[in-house]
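The values are calculated or read from the model by the stated rules, or taken from the named source; none is laboratory data. Keep in mind that this is a model prediction, so the values were computed, not measured. Positions of Cβ are backbone-derived with ideal geometry, glycine not excepted, and every protein chain shown enters the neighbour counts.
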Amino acid sequence: MVKKRCPECNQDSYSAVASGEWLCPYCESDMTLVQWEDINNAISARITPEEPVKKPFLFRYITWPSKKNEPGNI
């Protein structure tokens, strides 16, 4: 995700793509030539825990029926 700050109204605008025409959603000024900022790394850094989350290991035994017990097998 990318962000641009409008030079006219000083509001932030966000988009999934950085290319193409970009109009400010607040004042409708043309922001196509304004430099964009990639915010994915900043968001990832904020939500990543300092220590990895440890998940409990669960082990489950599965029993399968043997073919001897199926009808029609001798």
Where residues in segment 11-57 are loosely packed, with under 10 Cβ neighbours inside 10 Å and acidic (Asp, Glu), which of them is modelled with the highest pLDDT?
GLU21
Given the conditions (1) within 28 Å of the chain's Cα centre (by Cα); (2) modelled with pLDDT under 80, which single one is not true for ARG60?
(1)
I'd like the full set of residues that are part of a strand (DSSP E or B) and out of contact with any Phe, Trp or Tyr (no Cβ under 9 Å at 6 or more places or on another chain), limited to segment 1-45.
ARG5, ASP12, TYR14, LEU23, GLU37, ASP38
